[in-house]
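Colleague: I have a structure here, written as C-alpha cells, and I will follow up with some questions on it.
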Amino acid sequence: MNEILLQVGKKILFFDGAFGTALQSRGLPPGEPPELWNITHPEAVRSIHEEYLTAGADIVSANTFGANRYKWNGRECTVEEVVNRAVALAQEAVKRSGRSAAVALDVGSTGKLLEPMGDLAFEDAVQAFGELVRAGVSAGVDCILIETMSDLYETKAAILAAKENSSLPVFASLTFDGEGRLLTGGSLEAAAAVLEGLRVDGMGLN
C-alpha cells in the first residue's frame, strides 16, 4: 500500500501552503505563469519547497497548479516538460531536507467553465487532466492533490482523470464563498457526498 495511505487516519499530515504568492514575493510579475519559473528560476521554486519542508510539511506540492493544456498552450515547452521539471525540483528539495516527505502533483482548474455553463466539454476536461496526471506519474509523484476548485463538475473530471491514469492517492480540496457555496452553486453537503462517492482518499476546503 502507498506509504501516504498507511499514515492517513493515524497521524496529522501537513501539506505545504500557497505557492504563487510565495513566488510573487520573489519577483514573479503579474500575469506570468508561476509554472514558467520551474524553467526560468528553478532555484526560487526549490527554495520555496525547502522552506515549507523546514516548517514541517509532510507533503510538498510540485509547482504544477496551472500546467494543463488550456493554460499552458503556446508556451515554449510542453505540459510534460514543465511537469517533469516541477516534480524534479520538489524531489530535490525533499532529498536536501533529509526528510521522508512526499511530493504531490498539484492540479488546479483549467480556467474554463464546463458545459452547459461554459464551452468546455466534460470529456475534454478529463483528457486535459489526464495528460497532466500521466506526466506527473511518469515524473514520480507520490500522490495527487486537486485543489482550489470552485466547480464540482470540473472537480469530478479531475478526479476521474486521476483515477483512470494512476493508482496514486487522490486528495481534493474545494473553495467556497461566505455562504458555503461553490462558484457554480453547489453546497458543502453536495460536494462532500460527490467526493465521497468518487472515493477520494481525503477531502477538504480552502
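Colleague: Glu196 versus Asp177, label points 7 Å from Cα toward the beta carbon: distance in nm?
Modeller: 2.6 nm
Colleague: Using a 7 Å offset from the Cα along the Cα-to-Cβ direction at both Arg69 and Arg96, what is the distance between the two label points in nm, to one decimal?
Modeller: Here the modelled spin labels are 3.4 nm apart.
Colleague: If I require 18 Å or longer along the helix axis, counting alpha carbons, and a Kyte-Doolittle average no lower than -0.5, what helices from the chain are left? Use full DSSP H segments.
Modeller: 42-55, 79-97, 122-139, 152-165
Colleague: So, R0 is 25 Å and r is the distance between the beta-carbons of Gln24 and Ala55; what FRET efficiency does that work out to, to 0.05?
Modeller: For Gln24 and Ala55, the calculated efficiency is 0.85.
Colleague: For the stretch 76-113, which GluC sites (Glu not before Pro) are in a loop by DSSP, counting at most 11 other Cβ atoms within 10 Å?
Modeller: Glu76
Colleague: Just to confirm a number: summing +1 for Lys and Arg and -1 for Asp and Glu over residues other than Thr175 whose beta-carbon lies under 11 angstrom from that of Thr175, what do you get?
Modeller: -2
Colleague: Another question, then. Averaging sequence separations of C-alpha pairs under 8 Å and six or more residues apart, then dividing by the length of the stretch 109-206, give the relative contact order as a whole percent.
Modeller: 26 percent
Colleague: Work from the charge dipole of the stretch 111-206 (Cβ charges, +1 for Lys and Arg, -1 for Asp and Glu, about the Cα centre) and give the residue of Thr175, Leu188, Ile144 farthest towards its positive end.
Modeller: Positive-most Cα among the choices belongs to Ile144.
Colleague: For the chain, what is the relative contact order in percent, using Cα pairs closer than 8 Å and at least 6 residues apart in sequence?
Modeller: Across the chain, relative contact order equals 17 percent.
Colleague: Further, regarding this structure: Calculate, in whole percent, how much of the Cα-Cα pair population of the chain lies beyond 31 Å.
Modeller: 14 percent
Colleague: Considering only protein heavy atoms and a probe of 1.4 Å, how much of the accessible area of the chain is carbon and sulfur, as a whole percent?
Modeller: Reported share for carbon and sulfur atoms: 51 percent.
Colleague: What is the stretch 103-206 by shape, rounded, prolate or oblate, if you read a ≥ b ≥ c off the alpha carbon gyration tensor as root eigenvalues and call it rounded for a/c under 1.5, prolate for a/b larger than b/c, and oblate otherwise?
Modeller: Working: a/c = 1.96, a/b = 1.34, b/c = 1.47.
Oblate.
Colleague: Counting Lys and Arg as +1 and Asp and Glu as -1, each charge on the Cβ, what is the dipole of the chain about the Cα centre in debye, to the nearest 20?
Modeller: Charge dipole, the chain, about its Cα centre: 480 debye, nearest 20.
Colleague: Also: Could you state the accessible area per residue of the stretch 97-183 in Å², with a 1.4 Å probe and every protein chain left in place?
Modeller: I get 40 Å² per residue for this part.
Colleague: Would you compute, from DSSP H runs of 4+ residues alone, the mean residue ellipticity of the chain at 222 nm, taking -39500 (n - 2.57) per run and dividing by the full residue count, rounded to the nearest 500?
Modeller: For the chain, the value works out to -13500 deg cm²/dmol.
The values are calculated or read from the model by the stated rules, or taken from the named source; none is laboratory data. Small disclaimer: the values here were computed from a predicted structure and weren't measured. Ideal geometry is used to build each Cβ from the backbone, glycine not excepted, and the neighbour counts take in all protein chains shown. Heavy atoms of the whole protein, side chains included, go into the accessibility calculation; ligands, DNA and RNA do not. Shrake-Rupley method; radii C 1.70, N 1.55, O 1.52, S 1.80 Å.
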